[in-house]
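I have placed the structure first, in the form of structure tokens, so that the comments after it can refer back to it.
No lab work stands behind these numbers, since they all come straight from the coordinates. Not measured: the values here are computed from a predicted model. As a convention, Cβ positions derive from the backbone with ideal geometry for all residues, glycine included, and neighbour counts pool all protein chains shown.
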Amino acid sequence: MKLVQSLLFACLFWCAASAHAEKITIAAAADLKFAMDEIVTSFQQANASAEVDVVYGSSGKFYTQIQQGAPYDLYFSADVAFPHELAKAGLAASEPRLYAFGRIVLWSAKLDARKMTLANLTDANITRIAIANPKHAPYGKRAEEALRASGLWEKVEPKLVYGENIARTAELVQTGNAQVGVIALALAVNPELASKGGYWLIPDHLYEPLEQGFILTKRAEGNDLARRFADYMGGKPARAIMTKYGFVLPGEVVSK
């Protein structure tokens, strides 16, 4: 009898704990890696029972995965167009929300990129330049736009190596597989990268605004934790972290 009672108690305890446990999975653009990690830590300090898992990668690939039923509760894209398309397709449980404007920089782990401009990419001693794949990575698309607007695309295209996403692009430069790269400012200001090389901010007028947006996916419909996290992104703690990593927030002016 005591064994049965113990097992029953354990079962009731487990069920109660499960009822209170909350979990969400977030698909986030790779440029958010450092900022989102801090935001999640801050959020969990105020929501002790919450479990928040974040998967980082290419916005375009996440877009395709969500169309195919991938189990993400929130989707933070580096291009707000992707969340809009998912909402149009009935795959969102919220309207798309703009959370930031991204910016791009030249960054190098070995060269002093602070003294460089895009024109320096044509130098003969620079043979490998990393950008994110423009086919599915918004930061790669903006890099291409900036190079084309500067009249440099045809000159540097033979030197280009492509990262699957903006974090992989930074890794190509960090490991020496490229001498310089066009990466997100949000990655370049992180201490891990900032201590290894300088950066040059690419003028915003050379590329279309990097409007970054997010949605709650259809899977998260009725998920209170997902909605609380979405609301948290608009609060002071999260906004302060985003600003720290160089993002321009909605309502702020992007300098030209």
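Some notes on this structure:
- Once the Cα gyration tensor of the stretch 212-255 is diagonalised, semi-axes √(5λ) in Å: 24, 12, 7
- Take the Cα of S195, step 7 Å toward its Cβ, do the same at L249, and the gap between the two points is 2.8 nm.
- Estimated purely from DSSP H runs of n ≥ 4, each contributing -39500 (n - 2.57), the mean residue ellipticity at 222 nm for the chain is -11000 deg cm²/dmol once divided by its residues.
- Set K88/K155; K135/K236; K155/K244; K88/K159; K115/K155 screened for pairs whose C-alpha atoms are more than 32 Å apart: K88/K155; K135/K236; K155/K244; K88/K159
- Diffusion constant of the stretch 103-256 at 4 °C, which comes from Stokes-Einstein with the Kirkwood Cα-pair radius and 1.567 mPa s, µm²/s: 78 µm²/s
- Grouping the Cα pair distances of the stretch 17-132 into 10 Å bins from zero gives a pair-distance distribution of 11, 33, 27, 18, 9, 2, 0 percent in increasing distance order.
- Anchor K110: lysines whose Cα lies under 16 Å away (excluding residues fewer than 8 positions away in-chain): K196
- Taken along its principal axes, the alpha carbon cloud of the stretch 185-248 reaches lengths of 45, 27, 21 Å, longest axis first.
- The stretch 115-205, Cα convex hull volume normalised per residue, Å³: 92 Å³
- Helix runs (DSSP H) in the chain reaching 18 Å along axis by Cα, Kyte-Doolittle at least 0.5: 2-20
- Calculated FRET efficiency for the pair N177/E145, C-beta based, R₀ 22 Å, to 0.05: 0.40
- Full-stretch length increase - D224, R114 - with 0.36 nm per residue and alpha-carbon distance subtracted: 35.1 nm
- Among the trypsin sites (Lys or Arg not before Pro) in the stretch 72-144, those located in a DSSP loop and surrounded by at most 16 other Cβ atoms within 10 Å of their own Cβ are K110, R128, K135.
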